[in-house]
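Encoded as structure tokens, the structure appears first; notes follow it.
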Amino acid sequence: MLITLTKSLQQSATDRMLNHYRSMVRIRAFECGAEDLAAAGNIHGMIHSAVGQEAVAVGVCANLRRDDLVTSTHRNHHHALAKGVDAEAMMAELLGRASGTCGGKGGSMHIADFAVGMIGANGVVAASVAIAAGAAQALRSRGSNAIAVAFFGDGGMNRGQCLEAMNYAAVFQLPVLLVCEDNGWAATTRGASVSAGPGTVSRANALGIPAVSVDGNDVAAVEAATHGLVLEIRAGGGPRLLHCLTYRLRGHTCADKALYRAASELELRQHDDPLTRCANRLAELGVSQPAIAAAKQEEELVIQRAVEAALAAPWPPSADAFRDVQDIGAAVSL
Ligand SMILES: Cc1ncc(C[n+]2csc(CCOP(=O)(O)OP(=O)(O)O)c2C)c(N)n1
């Protein structure tokens, strides 16, 4: 009886890890597909790749319900996919097509799909924290026990808006999880070189917000750390902060070759790739190499199809140009 139970627990842990691997491969394939489309001139404007940061999004979102609300930043594709936004609609959005998540009007930095709780990404650094605090307040006033989650970067942690929103969340004990995705860089500046004091966890603690730091390239560790924090938030404990140590394997944008960092730094960090680590863990759990390779191939195919469908999708009709525009008067007079 005990052996059967242990085996079935092991099996479910393996299945869970395989699902995480699939999600991370899908995100990686999405980012690489988007980079190729941008290089070919199919995407107008910048995209910000999360290659190397997949485990943060997948480990956190594995703990969320559909009605939990996520806000994100300019670097948001991984969060949106992990929260359940459709990859094809996202790719169409990047290409400005009518079938995109925002009808092709938002683009890469404004992915949103309220139906799955992705309430929006935006390009204003750290605005995600303030928006999530407001969303958390709305959830509580509606009597829901859903939570809000803000993803933001280590650079964002230095913005006044971030610290104000953290203070507000702590004062009102709001149900919000603050996920600082510390990828080492803020555009072309090393995050640590412009951050005073002992770090993110201490800053949260100074406001009375319990915080945990985790290896952000280990999807199981992120999932486990998030699990505890989400339980505490849902139980009415107020805000929590999760500090995820990860690394941005790409430049800041698709146009940035990141020549400001030594090639040796990148090479070293490539050995810590979260996808490779997850694949190695699967092998340790007894999943065969052909099964791991098959899962990877299937997920890559999903994204290949999403790229093809997005490229074939129609453009929005010009009659829709001013639909959804808040101040039509101002827009028409431009
Ligand atoms: C309020 C504001 N200031 C400056 C910028 C320009 N900017 C865009 S991304 C970025 C760096 C953000 O770094 P971080 O928060 O660590 O996120 P990462 O890019 O590493 O994901 C900056 C300064 C902006 N978009 N918004």
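The values are calculated or read from the model by the stated rules, or taken from the named source; none is laboratory data. It should be emphasised that the depicted structure is a prediction, and the values quoted were computed from it without experimental measurement. Note that we place each Cβ from the backbone using ideal geometry, even for glycine, and neighbour counts take in every protein chain shown. Note: accessible area is taken over every heavy atom of the protein model, side chains too, but ligands, DNA and RNA are not part of it. Shrake-Rupley method; radii C 1.70, N 1.55, O 1.52, S 1.80 Å.
Residues being within 16 Å of the ligand (Cβ to nearest atom), open to solvent by less than 60 Å² (accessible area, probe 1.4 Å) and over 17 Å from PHE152 (Cβ atoms): count how many of those fall in segment 193-232.
So the answer is 1.
Regarding ARG190, is this residue open to solvent by 50 Å² or more (accessible area, probe 1.4 Å), among the basic types (Lys, Arg), within 14 Å of the ligand (Cβ to nearest atom) and without any contact (Cβ under 8 Å) to a residue 24 or more places away in the chain?
Yes: the conditions hold for ARG190.
To keep it simple, each residue is scored yes or no on (1) modelled with pLDDT of 95 or more; (2) in contact with a strand residue (DSSP E or B) (Cβ under 6 Å, 6 or more places away or on another chain); (3) open to solvent by less than 20 Å² (accessible area, probe 1.4 Å); (4) assigned to a helix (DSSP H, G or I).
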position: LYS7; (1), (2), (3), (4): no, no, no, yes
position: GLN10; (1), (2), (3), (4): no, no, no, yes
position: ARG16; (1), (2), (3), (4): yes, no, no, yes
position: MET24; (1), (2), (3), (4): yes, no, yes, yes
position: ARG28; (1), (2), (3), (4): yes, no, no, yes
position: GLU31; (1), (2), (3), (4): yes, no, yes, yes
position: LEU37; (1), (2), (3), (4): yes, no, yes, yes
position: ILE43; (1), (2), (3), (4): yes, no, yes, no
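Only residues that are touching a residue at least 12 places away in the same chain (Cβ under 8 Å) and open to solvent by 30 Å² or more (accessible area, probe 1.4 Å): list them for segment 143-181, please.
Listed by number, the residues that qualify are SER144, ASN145, ASN158, ARG159, GLN161, LEU163, GLU164, ASN167, TYR168, PHE172, GLN173.
Specify which of the listed residues (TYR260, TYR247) is outside any helix (DSSP H, G or I) and more than 23 Å from the chain's Cα centre (by Cα).
None of the other options fit; the residue is TYR260.
Looking at segment 74-85, can you tell me whether even one residue there is open to solvent by 10 Å² or more (accessible area, probe 1.4 Å) and either polar (S, T, N, Q) or more than 22 Å from ARG248 (Cβ to Cβ) (or both)?
For segment 74-85, residues open to solvent by 10 Å² or more (accessible area, probe 1.4 Å) and either polar (S, T, N, Q) or more than 22 Å from ARG248 (Cβ to Cβ) (or both): present.
So which of ASN42, ASN76 ends up being polar (S, T, N, Q) and more than 16 Å from the ligand (Cβ to nearest atom)?
ASN42
Looking for whichever is open to solvent by less than 20 Å² (accessible area, probe 1.4 Å), away from the ligand (no atom under 16 Å from the Cβ) and either at negative phi or modelled with pLDDT of 95 or more (or both) here; the options are GLY107, GLY96. Which one fits?
On inspection, the qualifying residue turns out to be GLY96.
Only one of these conditions is not met by GLU284: (1) acidic (Asp, Glu); (2) in contact (Cβ under 8 Å) with a residue 12 or more places away in the chain; (3) farther than 17 Å from VAL51 by Cα. Which number is it?
If we test GLU284 against (1) acidic (Asp, Glu); (2) in contact (Cβ under 8 Å) with a residue 12 or more places away in the chain; (3) farther than 17 Å from VAL51 by Cα, just (2) comes out false.
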